[in-house]
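Read through the structure below, which is laid out as structure tokens, and then see the notes.
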Amino acid sequence: MSAPKVGIFGLTGCAGDQLQILNCEDELLRIAERVEIVDWVMARSQNDSNTPLDVAFVEGVVATERDLAYLKSIRARSRTLVALGTCAVWGGLPAMRNELPREVLRREVYAGGAEFLDTREARPATDFVPFEFRLPGCPIERHEFLRLLNAILCGGKPEFLNVPVCWECKTRENLCRVVHYKEVCCGAMTRAGCGARCPSHGVPCAGCRGPVEEPNYDANITMFQDRGISWVEIARKMEAFSAPVWMKLGLEREHARERARGGRS
Amino acid sequence: MSLTQARHPLRHASPRGLPTGENPYLPVPARVLLQSDLVPGVRLYDLRFVDPGLAERFSWVPGQFVMLSMLGVGEAPFSLPSSPTRRGVFQLAIREAGSLTGHLFRHVKEGDVVGIRGPLGNGFPVEKFYGNDLLLVAGGLGMVPLRGLLQFAIDHRERFGRITLLYGARSPEQVLFRGELTGVERRGDAEIHLAVERGTTEPWGGRVGLVTDLLDAASIQVGRTYAVACGPPIFYKHVLDRLVRMGFSKNQVFLSLERRMECGVGKCGHCSVGYTMTCLHGPVVSLWDALNLPELIYT
Amino acid sequence: MSKRTLSIPHLGRVEGHGGIYVRIEDDEVREVNLEVYEGSRYYEALLRGKHVDDVQGIITRVCAICSASHTVAALMALEDALGITVSTRTHTLRGLLLLGSTIESHALHIFALALPDFFHVPSVLELAASHPREVTFGLKLKQLGNRIQEGSVDVPSTRSTRASEGSAASRTSASCAPSGRNWRRRSNPWPARSS
Amino acid sequence: MQTLRLEVQRLPVFLSALRDEGDLFAPVERLAPKDGRSGVYSLERIFDVAQAHPEALRTILPFKKLLLPPRTVLTRARDGAWEDGDELPIRPMIFYGAHACDVHSLKILDLLFLSDFADPYYQRRREQLTVIGYGCIPDDKCFCQSLGTANVDDGFDLFFTPLEGRFMVTVASARGDDLVRRYPVGFEPSTRDDTREYLDRLKRRTEAFTLALDAHDLPYVLELKKDDPVWEELGRKCLCCGSCSMVCPTCTCFNMWDEMPEENCSERLRCWDACLYRDYALVAGGHNFRARRADRVRNRYYHKQEAFVREFGMPSCVGCGRCIENCPTGIHVVEVFQHVRGDA
């Protein structure tokens, strides 16, 4: 039996999730023995862009028409498709200001003279084609990637717990950013797996791994407001990494309510 | 109830560990001897422990279950559909439902080794049934644990009065152990009544309808009968109510609960329904106990 | 007159997406087109309206390979704007972060991105087959850079290392999450921040 | 039970000596920015006995973390065979600074993990654990008195109760007796004065409680209040972050799953879980037996105060106040039960 054929692809993004694969320094060479990486632009100069793939990893957002076409072509040739990173799964930072038209953003950054840019609203790759696995994280965690890869190669399906960051944060016995410091911490709404890295370093969770299933959104907002934190502050913290999904979950509703009250315009 | 007198003062004292080992979390290798499709999507596995001593020693009560492990995939509980009277080899009837069973179906071949620990749970109170008639009511995959009880009762035929099995399946193609059940009926070991919700292209001599219709057809002497029901939530909803209206005492009706299980030995808490750990105090409970659980058994 | 065109539709072994077209006439380069098809993320615009506290967390994601440089640059810019002077310790720690980043990204560049060209192989993975010792060294070097940036280099004879050597509880690790040998080895399971 | 006395300044000598017996764990203050004081403690291995704060009422995580570590490798599988994943032998552990509620919680964990199928991973650690108690004075979050767990006379090895200039030392096990005899740092038989002062202290302590919960008939009340609107209200307020379960000394739910850290090697992990998490009662077929937040919250309270009483004859809450201290949305267990009962 020949080694499974693997492709690793990046759409628009920082390449951080692909870099995390290269950061598996101890395991990289063994991985390369077990699979045949046939298409990986970031690490290879000769790439086969036609062979059907057993497993394909895609990171980044769809932010250009080219991205979209590329993504569809990857889907078409792959048996198992894995979304790597928060950009691919939830939209990530590039999707943070989707309420502004691309035109406005472009003018703000490039002024005139960049009309040639191929640009469309930044959206997660998972919005366009079906994925077999989703591995969030900004960037992904190496141990989760290795677990996923080992499981895929042995035909299994790894279990990634659908629990909030508080789960890990408490076991590390951090001082709670909400209870002790009265800060906006997205930990209770965000999917665990990072080992509560930020709170363990004294920084509240920014929600970079995307929301846990069915977060109690309203209770979180109330919790912050009860501690005298303004809506502006809550919103700026929450709408960073998973903006599109937070919008869907009700941030937008809160925006409207606030506008009606004459708060943030 | 007195609070000082708890129902399980110190739980039932049991020897350390399980028949499969002193460490109750440690699976023991068992070989897949045979696998066959019972119906589309449901497979019957014949297993035998690699350790010959354990293979002969391993015994259980119908209604008990085991945990099946696969390397790197995980573990899940499956009830034992065979009878301990047929030692050496035990069987599992498994439907493809999640990732573990998917892996089992696709990657495990005859001769492969899987991990088993058990038997777990209380099983059916068979000794209580001795000298009485037995009414088994199965819905869909609920036939799996009841098949073990049926085999057991037939192997100890003299200890039971009349044995009646009422079994409802979705369609003729979904009837588990059909040939075997026909044989049981032909030998006169038990009365078997089958019903399917809808007939299909396959010729079907039995009834088309619900399992509750079979209760009307079967002649049952409620006073001297224990009823054992097993099926999906919707099945319980109708059947249990019907049995009570037929005059069964709630202590005469037993059923098997389904819950998420991780440890299987009453530690992890996942299967708790009130004070009942389904894996330890169940999965078999009387209807009275089931109705007195703090949460609904069928939703 | 000889005419040639070099066309590399997708540049490999670089971070980002682009292609290059070169037209050569009579051994003279007449035209060079570098096309970058990387999508725009408009980070500058994303920052507008954000609190200063959030800037670093956003800016560090501009590029994965030089995230430390982006972090330090953003912080210095903010400090300039706000008139903040940092302590020597902060300054030194940032220097350490940047050095870690330099070690990591240079090792990545040399061994994984550039060197395969000189050996006429498509990637570091093929290079590893012919020169396993050298590639393994390169990856170790890269790992060292990463560990400096992550703050997970073991410093001997501190309380934390003593704490992690023995007890039953610490050996099974403090957090639920860390898994994979890789993760465990690199992180100190009992952060020595108490007392 | 035997009582002794020890001069205050001799205790550090005794504790330092105990480090030869195993790893010494005690409450230690967490470092906070600026002056370093945070008022928050965690249970850590200590090397300098001056670090210990035995008077600290509660550590973030209770000492279940020593017996049931947050993450354990239960089994490891290679080539189709499973083996025990524990790294043996387990080193001896001494927990200094246990309060009465801690000792009661230990007894509850023993009930769960040593009855029926004894849990070998727990048992190994339990056998290596020496418990040294320390007399506490309650604060506004303590309600152990209401649950009958304010005092304890067994389940520990030694117990130090501070009196004027000295300690009343209670010896409750042969192991405790061994230690006292092995390290004769100045233990003397206690006097009548000691006993009098000890009892006075207990009386003052009893009066110091500000929080009270009438728990004597809670199971009956709860039985009748399954559909009380309070559960829906809590379901709206609760984040289901699981903090209360993580910090609870008697919450021991865990999850098991397999990981492949490397090829051909599979580890079965046991990690803490909480019944408040959404997938807690989710079965393979997709049915979730507690899909609603309100159901999960109610289940947690029922398990502590109703189900556990039915099974073991006592509630599994010891009144330590950790959940009150750690709930980010301010859910207060005593208020909840007062509300259910209709007192508030």
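Taking residues in the range D:275-300 that are in contact (Cβ under 8 Å) with a residue 60 or more places away in the chain, and partners anywhere that are open to solvent by 30 Å² or more (accessible area, probe 1.4 Å) and of a type outside the set (Val, Ile, Thr), the pairs with Cβ atoms closer than 6 Å and at least 6 places apart or on different chains are D:Ala294/D:Glu232. Give the residues of the range D:192-227 that are under 23 Å from D:Gly165 (Cβ atoms), open to solvent by less than 60 Å² (accessible area, probe 1.4 Å) and more than 27 Å from the chain's Cα centre (by Cα), sorted by residue number. Hits for the range D:192-227 are D:Asp194, D:Thr195, D:Glu197.
For the range B:15-28, how many residues are open to solvent by less than 40 Å² (accessible area, probe 1.4 Å) and either modelled with pLDDT under 90 or not hydrophobic (A, V, I, L, M, F, W, C) (or both)? Going through the range B:15-28 one residue at a time, the tally reaches 8.
Quick one: which of B:Val61, B:Val73 is touching a Gly at 6+ places or on another chain (Cβ under 7 Å) and more than 14 Å from chain D (Cβ to nearest Cβ)?
B:Val61
Filtered by the rule that a residue be in a loop (DSSP other than H, G, I, E, B), open to solvent by 10 Å² or more (accessible area, probe 1.4 Å), more than 7 Å from every other protein chain (Cβ to nearest Cβ) and not hydroxyl-bearing (Ser, Thr, Tyr), the range A:28-70 gives A:Asp48, A:Asn50, A:Pro52.
Can you find a residue in the range B:40-51 that is in contact (Cβ under 8 Å) with a residue 60 or more places away in the chain, out of contact with any helix residue (DSSP H, G or I) (no Cβ under 9 Å at 6 or more places or on another chain) and surrounded by fewer than 19 Cβ atoms within 10 Å (Cβ to Cβ)? Yes, the conditions are met somewhere in the range B:40-51. Against the test of being closer than 27 Å to C:Gly16 by Cβ and within 10 Å of another protein chain (Cβ to nearest Cβ), the options C:Ala74, C:Ala45 yield a single qualifying residue, C:Ala45. Going through (1) of a type in the set (A, V, I, L, M); (2) surrounded by fewer than 19 Cβ atoms within 10 Å (Cβ to Cβ); (3) more than 30 Å from B:Gly72 (Cβ to Cβ) one by one, A:Met223 falls short only on (2).
Where strands (runs of 3 or more DSSP E) fall entirely within the range B:200-289, none has at least 2 residues that are more than 14 Å from chain D (Cβ to nearest Cβ), surrounded by fewer than 15 Cβ atoms within 10 Å (Cβ to Cβ) and within 20 Å of the chain's Cα centre (by Cα). Considering (1) open to solvent by 10 Å² or more (accessible area, probe 1.4 Å); (2) in contact (Cβ under 8 Å) with a residue 12 or more places away in the chain; (3) away from chain B (no Cβ under 14 Å), the lone condition that D:Asp48 does not fulfil carries the number (2). Of the residues screened, D:Arg290 is not one that is in a strand (DSSP E or B), in contact with a Cys (Cβ under 9 Å, 6 or more places away or on another chain) and in the same structural domain as D:Cys317 (by TED's automatic domain parsing). Just wondering, is there one or more residues in the range D:161-175 that are hydrophobic (A, V, I, L, M, F, W, C) and within 14 Å of the chain's Cα centre (by Cα)? No, the range D:161-175 has no match at all. For B:Asn122, the criteria (1) more than 16 Å from the chain's Cα centre (by Cα); (2) open to solvent by 20 Å² or more (accessible area, probe 1.4 Å) hold in every case but one, which is (1). Taken as a whole, the range A:127-142 holds at least one residue that is touching a Leu at 6+ places or on another chain (Cβ under 6 Å) and within 12 Å of chain C (Cβ to nearest Cβ). Checked against (1) among the acidic types (Asp, Glu); (2) open to solvent by less than 20 Å² (accessible area, probe 1.4 Å); (3) at the interface with chain A (Cβ under 9 Å from one of its Cβ atoms), D:Asp279 meets all criteria but (2).
From the list B:Asp133, B:Asp155, the one residue that fits, being among the acidic types (Asp, Glu) and open to solvent by less than 30 Å² (accessible area, probe 1.4 Å), is B:Asp133.
Contact map, the range D:325-344: first residue touching a residue at least 60 places away in the same chain (Cβ under 8 Å), second residue open to solvent by 40 Å² or more (accessible area, probe 1.4 Å) and in a helix (DSSP H, G or I), Cβ cut-off under 7 Å, separation 6 or more or different chains; pairs are D:Thr329/D:Lys237; D:Ile331/D:Lys237. Would you mind finding the one in D:Phe156, D:Phe160 that is part of a loop (DSSP other than H, G, I, E, B) and crowded, with 19+ Cβ neighbours inside 10 Å? Residue meeting the stated conditions: D:Phe156.
Conditions (1) over 26 Å from D:Asp116 (Cα atoms); (2) surrounded by fewer than 22 Cβ atoms within 10 Å (Cβ to Cβ); (3) assigned by TED's automatic domain parsing to the domain that holds B:Arg178, marked per residue:
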residue: B:Arg57; (1), (2), (3): no, yes, no
residue: B:Val61; (1), (2), (3): no, yes, no
residue: B:Ser83; (1), (2), (3): no, no, no
residue: B:Gly88; (1), (2), (3): yes, yes, no
residue: B:Gly139; (1), (2), (3): yes, no, yes
residue: B:Gly148; (1), (2), (3): no, no, yes
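Within the set D:Ser266, D:Ser243, the sole residue that is facing another protein chain (nearest Cβ under 8 Å), buried (at least 20 other Cβ atoms within 10 Å of the Cβ) and under 30 Å from D:Ala100 (Cβ atoms) turns out to be D:Ser243.
Residue by residue, here is whether (1) of a type outside the set (A, V, I, L, M); (2) more than 9 Å from chain C (Cβ to nearest Cβ) holds:
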{"site": "A:Gly113", "(1), (2)": "yes, yes"}
{"site": "A:Thr119", "(1), (2)": "yes, no"}
{"site": "A:Arg123", "(1), (2)": "yes, yes"}
{"site": "A:Arg147", "(1), (2)": "yes, no"}
{"site": "A:Pro164", "(1), (2)": "yes, yes"}
{"site": "A:Glu168", "(1), (2)": "yes, no"}
{"site": "A:Leu175", "(1), (2)": "no, yes"}
{"site": "A:Cys194", "(1), (2)": "yes, no"}
{"site": "A:Val203", "(1), (2)": "no, no"}
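When the helices (runs of 4 or more DSSP H) confined to the range C:91-168 are screened for residues that are modelled with pLDDT of 90 or more and open to solvent by 20 Å² or more (accessible area, probe 1.4 Å), those reaching at least 1 such residues are found at C:115-118, C:124-130, C:132-150.
The values are calculated or read from the model by the stated rules, or taken from the named source; none is laboratory data. Everything quoted here is computed from the prediction, not taken from an experiment. Neighbour counts run over all protein chains shown; Cβ positions are idealised from the backbone, glycine included. These accessible areas exclude ligands, DNA and RNA; they are computed on the full protein's heavy atoms, side chains included. Shrake-Rupley method; radii C 1.70, N 1.55, O 1.52, S 1.80 Å.
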